[in-house]
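The block underneath contains the structure these notes are about, expressed in structure tokens.
Every number in this text was worked out from the coordinates using simple rules, so none of it is lab data. Note that this is a predicted model, so its numbers are computed, not measured. Here the Cβ is made from the backbone with ideal geometry for all residues, glycine too, and neighbour counts use every protein chain on show.
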């Protein structure tokens, strides 16, 4: 399995954080190994009720464009998998 490029991942996170800094928040990489990326929210995003929406509309799609990323775990969204999938489905409508 090919490794995730730390430089590519960092560039994508910097780009995400430029957008998220408008709300005084962002994300940080906690781990990146074997195609799996784990990120957490920081700043004002840690207490924001819109974390699940940002996770699915901004963070997950952006990190998914990084080469060799096969799974993305976003900590702190406080939403179970069933509700996450329902959110994703409603966003497609």
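Observations on the model:
- For the chain, fraction of C-alpha pairs farther apart than 16 Å, in %: 52
- Exposure proxy ranking for 92, 84, based on other Cβ atoms within 10 angstrom of each Cβ and starting from the fewest, stands as 92, 84.
- Listed by Cβ neighbour count within 10 Å, with the fewest neighbours leading, 60, 18, 51 appear as 18, 60, 51.
- For the pair residue 24 and residue 68, the difference between a 0.36 nm per residue extended length and the Cα-Cα distance amounts to 12.9 nm.
- Extension gain from residue 11 to residue 82, taking 0.36 nm per residue of separation minus the Cα-Cα distance: 22.5 nm
- Considering only alpha-carbon pairs that sit under 8 angstrom and 6 or more positions apart, the relative contact order computed for the chain is 29 percent.
- DSSP beta bridge pairing in the chain, given as percent antiparallel to the nearest 5: 60
- Candidates 27, 53, 13: whichever shows maximal mean-square fluctuation once the chain is modelled as a Gaussian network with Cα springs under 10 Å: 53
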